[in-house]
1. For the stretch A:173-194, which residues satisfy the criterion of being over 14 Å from A:Asp484 (Cα atoms) and under 26 Å from the mean Cα position of the chain (by Cα)?
2. Among (1) assigned to a helix (DSSP H, G or I); (2) surrounded by fewer than 17 Cβ atoms within 10 Å (Cβ to Cβ), where does B:Val573 come up short?
3. Condition (residue is part of a helix (DSSP H, G or I), of a type in the set (Asp, Glu) and exposed (fewer than 12 other Cβ atoms within 10 Å of the Cβ)) applied to the stretch B:80-88: is it met by at least one residue?
4. Please enumerate the residues belonging to the stretch A:451-466 that are facing chain B (nearest Cβ under 7 Å) and either out of contact with any Phe, Trp or Tyr (no Cβ under 9 Å at 6 or more places or on another chain) or more than 23 Å from B:Val712 (Cβ to Cβ) (or both).
5. Look at the stretch B:21-72 and say how many of its residues are more than 10 Å from chain A (Cβ to nearest Cβ), crowded, with 17+ Cβ neighbours inside 10 Å and either touching a Ser or Thr at 6+ places or on another chain (Cβ under 8 Å) or without any contact (Cβ under 8 Å) to a residue 24 or more places away in the chain (or both).
6. Checking the condition within 12 Å of another protein chain (Cβ to nearest Cβ) and under 20 Å from A:Ala522 (Cβ atoms), which residue from A:Arg96, A:Arg40 passes?
7. Restricting attention to the stretch B:9-20, does a residue exist that is over 60 Å from the mean Cα position of the chain (by Cα), part of a helix (DSSP H, G or I) and within 14 Å of chain A (Cβ to nearest Cβ)?
Amino acid sequence: MKVQLKEWTRKGEPWVWLNAGAVALSTVMVLGLLWLIAVRGLSHFWPHEVIEAEYVGPDGSSQRIIGQVADEEIITAQQLRDAGQTVPEGVEVVRRLLVKVGNRDTLGFDFRWVDETSLHDQRAPTDLFVAERDEWGNFYGRLVRVFEQDKVVAEGEGAWEALQARIKRARALHDKIYAIEKTDIGSVNYAMERLRLKQRRLELEGRDTPEALADIAAERAALEKRFAAMQDELKVLYGEIGRDSFEAEIMTGQVVKVPLAKVVRVFRPNAMSLTEKVGFYFSKLWEFVSDDPREANTEGGIFPAIYGTVLMVLLMSVLVTPFGVVAAVYLREYAHQGALTRTIRIAVNNLAGVPSIVYGVFGLGFFIYFIGAHIDEALYPEALPSPTFGTPGLLWASLTLAILTLPVVIVATEEGLARIPRSVREGSLALGATKFETLWRVVLPMASPAMMTGVILAIARAAGEVAPLMLVGVVKLAPSLPLDGNYPYLHLDQKFMHMGFHIYDVGFQSPNVEAARPLVYATALLLVLVIALLNLSAVYIRNRLRERYKALEM
Amino acid sequence: MQSTTQVQPPAIDFDTPALRRRRKLRALTDKVAGISIGAGGVSVIVAVSLIFFYLLYEVMPLFEGAEIEQKAEYRLPVAEAGPTLYGWLEEQGEIGMRLAEGNRVIFYRTQTGEVVDDIALPIPEGVRIASVSGAGVDKTLLALGLSDGSYLLVKHVYKVSYPEGTTRVITPGLEFPYGEEPVELDPQQRPITQISVRDAEDTLMIVGAADNHTLLGRLFEKEESFLTGEVELTDAGLVLPTVSGKVSRLLLGPETRWLYVFAPSGEVTMYDLLDREAPRLNQQLPVTSGGVELADARFLLGGISLLVADVQGQITQLFPVRDDNNHYTLEKIRHFDFGGRVTNMAAEHQRKGFAAVSDTGTLGIFYTTSERVVLREQLGDTPLRRVTIAPRANYLIIEDEAGTVRFYSVKNEHPDVSWSALWSKVWYEGYSEPEYIWQSSASNNDFEPKFSLSPLTFGTLKAAFYAMLIAMPLAICGAIYTANFMAPRLRTKVKPTIELMEALPTVILGFLAGLFFAPFMESHLPGVFTVLVLMPLAIVVFGFVWSNLPGAIRHRVPDGWAPVLLVPVIIVVGWFSFAISPQVELWLFDGNMPHWLTTELGIDFDQRNALVVGAAMGFAVIPTIFSITEDAIFSVPKSLVHGSLALGATPWQTLVRVVLPTASPGIFSAVMIGLGRAVGETMIVLMATGNTPVMDWNIFEGMRTLAANIAVEMPESEVASTHFRVLFLAALVLFLFTFAVNTLAEFIRQRLRTKYSVM
């Protein structure tokens, strides 16, 4: 049947379709966003092909380019001209590639936009290799020879195998050095600092008797001895790790010598088979979640950020659960249900809508500058004037987020309590149970799904919150983990790293944003996954527990 | 009787001591639990409300006035040396200095009046000091104009030492950096009745007035000897203008460019000494109204603003304002009505505040930027003669006519903020007109912090406005369809998907907006507008075409699955719009739309602008609005809908005439909650704008919001400083705004709920 446009419009159909379009658009946007993050975040770890091509500049000069294509875009030539670049006359639309050419130490830049049409003779030779380094970013080139001290040990064909073996050795040494520097020397330093504070404390309290001081001096001497031993060991290791190096030809034709001590891994993506690529992919992915960041957070892993986020959120939930539940139980079961309680209920509900930065300000002012400063005066006078708790740290961050998420827990628990039928309570009371027994044995177990939901939602919110944390405890790079092997193990006063802040910091404060960008996408993806998982588990737990107590609901 | 055996209930004794104890224990547990839950609950609620009170507690001191407390009172130290010509307090407020008429400098303890040192100046017998002036508000170099036509430069210094470890000892003394000999200024040897001095990095300039009407001056170029460190002066020559009337005050600006000459009638003449050979008369301006006699005139800190007091108690602040032709005019900026004849004024050394005393015995403490009278106190009936402020503005010394010196401690923490300075236009030094400016810190002390919350509030509202502009249509229309038309099975999928977005950390949205969308949009700007036009068009056209398809195809898709059909349409249109963007740009905008906007339309374009923020924040707000609106529409009683449909209304008519009016309070509350979220959002704005505090509705320019401002500046602000408290105020404003908006929304929702329940 034929529908007339007029009739169709009169019935309001266009509006219905527009409304349908709005839903579709919103959904497409959500899924598109997740897709964008997933694609960009996950593709970073794949060993992309390294291309080699002749680049002919606008002035006709030719130059070789070796690198990986990181991005591409189509823009008008005029935009490039306005930005001060030379684009040949007559060209109106340019498709250009962002090529990661690496070798920042010799080239000075590691990314380059090139016009696709000016790339000629593009190929992917299998002998091109990538070296990931501890500094200066990736190295791209062609291996020439491998050195031991100043002696050439391999050249030409066999060089690649020799290099692989030597890198393994260098990495093993590097790990040893890292373990000594970070763990062993770290704990000696920590012990030294504790000794210093102990001595200062004794002085402050007037108990600095010669015996006590002698004890401290003895301990210090022991530590210094350990320290000296480690230094010696390190010296040997450093000597060994500095032994090997390789020479490779880079895109400009220069032959560059690179010490193996600074190389993390070498690989030839063009020569890899699919299985090798998949294996490589997962090893990179593992490195990402388990390793420390390198190069001002733009390379390597984000393990400390994951660790900090999880620890902070756990602490927060330990703090928020009892308080939230007690407040909800009070409001619903004990308080007189009058106008005042209703007002409080609305106020608590509204607190969930107060901007998180306000909680950050409160945390900074009240917890850190007020309570923290008093704690320092009372308990840590030996460390003054450098603050212990009077400065942003893990405890204050958790507390601030606990207050931030308190309304979530209270509201969810209250809803759960409200859903429990009166008859259940009355039945329990009629059987002679006291009010508390009714609460403890009957009401709370039945409300537990709601409580769990509240806590999980609180965790999901806390894990994604960044703004308040910027004021109360996160740092871009924490020297040590807040939970480690040094007494007292859990360092509540320490600053920590956080995934959300990591995204902000690396994406916006980093000197080399272009290089860091894929890593930020990966971090974002991980954060989204964690939060989605938490939310879904909230839904799951709620449904499961609801199922269990379904028989009781009337 | 006893033949029938009664069935006895089993003999359970409920009253055994064990059970009694148990019952007692249970009762006790119950009581204890009740009390502790009560205590816990109340304390949690109190702790939460503490947020509000704590913010208020931090903000309150901003609006408090100053307080003074008298610490000591004593006779003028070494009164026989004559009245004070010039006074000073050293940094700690421990030692006071007074230059007495008898050519002596007396240092005394401010707490007791005990004389620490009494030094005679190297001035010849029979010559007296005719005028004194400091080289700047916070400088210790003094120029003394002598009665024999010469001048003497002297510096008072305070050496701090710790001879016994922790006790501080301050030793005052005098230095003569330019020689102990008085230097001739007037060859005719008339007394130098007015003097002004400026000691800059490489020049030294002294301007004096002989016998109150002839201007005389010396300009020296300074050269420091590398070996001895001594300063060598070379006369550079200076020509000064001739003035007609009497000179009652002389002020030389810090860059030795402007010379202000005051006549007793209250008229100021501003000379431009830029050309040392040919001074130029820049402007003449009567400062006091109706020729009221001048009482005192001096510089504010920084030497830009002048403070002029007249005998009727009016204090006027003036400063030169530059116009577009680089021409300076002295403007009267603001007045303070003090009352009583002002006898003396003193400017603060680190802020733009000052104190004044009058012959009626009143002390006033003022602040220029905030236009505040922070203190006005009657200190007795004796006329006050002189006031001196300590460098940290925490102590005052006041001398009265009776020769009594009083030493006060001052508590004046935040004079630089007032309600009007925070919210209305303020005329800051160096600006050509009053403006709203947020500029909280700078490198030096002379800088006037500019705490106007207006641009930040404006930025907040602008960001929220554009976010709502994008979010509202999408979220509300989407919710209408979802609640009203969508197939139930699809609804159970779509709703959680959109709601999942609410849990998405905003830092991710901000990062995508700043690093992906902003550059993408800059290079594909026409595409954005193409989408806005094409998308609705394409949807409607598709709808019409679909309705005209043969039933065989149409009926394959059940009612309420339209969004699924539209997904490919949306993807294709979106892709198409951005794919043709470069062509459109070439065709309509000379190949570069941002550039075209700037040159052709005069609209500034920032890469991180309000459009980007609007899109990203809109994205963050959509799930909030969507979810609540959807609930509100869905919970409209079905009987209403069915009734309307039964009466022959089309589904759309039912929606517009019945469902939406019924659900409108709910939709309104959804919008309010969304607005609250948009206003307080921090990370998106922080990452997706340039964070420049400008006031402009331009969608292609950025903004700075209250929340982002707190995040940026809070970690660096000094605890308990004005800046710190103003940031707390910003947080309090955010808190109150969102709290009020949410309460309103909640209230409306509750009303709606009761309304539905009776239907």
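1. A:His174, A:Asp175, A:Lys176, A:Ile177, A:Tyr178, A:Ile180, A:Glu181
2. Unmet for B:Val573, out of (1) assigned to a helix (DSSP H, G or I); (2) surrounded by fewer than 17 Cβ atoms within 10 Å (Cβ to Cβ): (2).
3. Filtering the stretch B:80-88 down to residues part of a helix (DSSP H, G or I) leaves B:80-81.
Still in the list and also of a type in the set (Asp, Glu): B:80.
Next, only the ones that are exposed (fewer than 12 other Cβ atoms within 10 Å of the Cβ) stay: B:80.
There is at least one residue in the stretch B:80-88 that is part of a helix (DSSP H, G or I), of a type in the set (Asp, Glu) and exposed (fewer than 12 other Cβ atoms within 10 Å of the Cβ).
4. The initial filter retains those residues of the stretch A:451-466 that are facing chain B (nearest Cβ under 7 Å), namely A:460, A:464, A:466.
Passing the criteria: A:Ala460, A:Gly464.
5. 2
6. Details: A:Arg96 fails: under 20 Å from A:Ala522 (Cβ atoms).
Result of the check over A:Arg96, A:Arg40: A:Arg40.
7. Looking only at the stretch B:9-20, we keep the residues that are over 60 Å from the mean Cα position of the chain (by Cα), and these are B:9-20.
In the following step, the residues that additionally are part of a helix (DSSP H, G or I) were identified as B:17-20.
Of the ones still in play, those that are also within 14 Å of chain A (Cβ to nearest Cβ) are B:19.
Yes; the residues of the stretch B:9-20 include at least one that is over 60 Å from the mean Cα position of the chain (by Cα), part of a helix (DSSP H, G or I) and within 14 Å of chain A (Cβ to nearest Cβ).
Matching residues to (1) within 14 Å of chain B (Cβ to nearest Cβ); (2) among the polar types (S, T, N, Q); (3) surrounded by fewer than 16 Cβ atoms within 10 Å (Cβ to Cβ); (4) touching a strand residue (DSSP E or B) at 6+ places or on another chain (Cβ under 8 Å):
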residue	(1), (2), (3), (4)
A:Pro468	yes, no, no, no
A:Thr523	yes, yes, no, no
A:Leu533	yes, no, yes, no
A:Leu536	yes, no, yes, no
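The values are calculated or read from the model by the stated rules, or taken from the named source; none is laboratory data. The shown structure was predicted, so the numbers you read here are calculated from the model rather than taken from an experiment. Positions of Cβ are backbone-derived with ideal geometry, glycine not excepted, and every protein chain shown enters the neighbour counts.
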